[in-house]
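Right, one structure below, let's go through it.
Only the coordinates and a few stated rules stand behind these numbers; no lab work does. Just so it is clear, the structure is predicted and the values come from calculations on it, not from any experiment. Counting neighbours? That spans all protein chains shown, and the Cβs are built from the backbone with ideal geometry, glycine included.
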Amino acid sequence: MSRFAISKPLVRDAGAISWLLAQTLWVGGLWLLHFLLLPAIAKIGLASLLVEEIGNTLRPLLVGLAAVCAGLQVLVLIRAERLASLWRDTRGQLLLVVVAMAGSYFAVRQLLPEAELWLMFSYLVMAFCGLLLVLQPLPQSSGTSSKQ
């Protein structure tokens, strides 16, 4: 067997692994914070201002993580299925929405810090785009078959 025949599947597997790891980090992080962690610490009985402060501190960190991980997923998608798939493919469209919402989150947070409804809207749009992205198949190299 030649060296090329051995390295080709490893590259595809590395792309799939990095796709899944990035997706797990940002989608799981967004959902975990908003729908599990913050309600749980509010139910424990901590002061509502403390719960709000924890949320206000952790949300921007997770939005930044989501932007970086979605950017990594964009690179994996482009490498596996070419640049045109970014616009035509559902995965690419969802990732572009996530990156745009993360950018708008930080822009609005910097320019209009009192616009909390927009910040929550963009956060939830990212979370639901991530949920839809989890339901999509993994990107595969255009030269490989779908059999594993």
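Below are the figures for this structure:
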{"read-out": "Relative exposure of I44, I17, I54, judged by other C-beta atoms within 10 Å (fewest first)", "value": "I44, I17, I54"}
{"read-out": "Efficiency of FRET between K43 and L83 - r from beta-carbon atoms, R0 41 angstrom, step 0.05", "value": "0.30"}
{"read-out": "Sequence ranges 46-52, 33-39, ranked by mean other-Cβ count within 10 angstrom, highest first", "value": "33-39, 46-52"}
{"read-out": "With Cα atoms, 0 to 90° folded angle of helix 90-111 axis to the chain main axis", "value": "30 degrees"}
{"read-out": "Burial ordering of W26, W87, fewest other beta-carbon atoms within 10 Å first", "value": "W87, W26"}
{"read-out": "Residues M120 and S18, FRET efficiency given R0 of 30 Å [Cβ-Cβ distance, rounded to 0.05]", "value": "0.50"}
{"read-out": "Rounded tilt (10° steps) of 48-81 against the dominant C-alpha axis of the chain", "value": "10 degrees"}
{"read-out": "Mean separation of Cα contacts under 8 Å, 6 or more apart, over the residue count of segment 10-134: relative contact order %", "value": "29 percent"}
{"read-out": "Charge-dipole axis of the chain as Lys and Arg at +1 and Asp and Glu at -1 on Cβ define it, positive-most pick from G130, L36, V51", "value": "G130"}
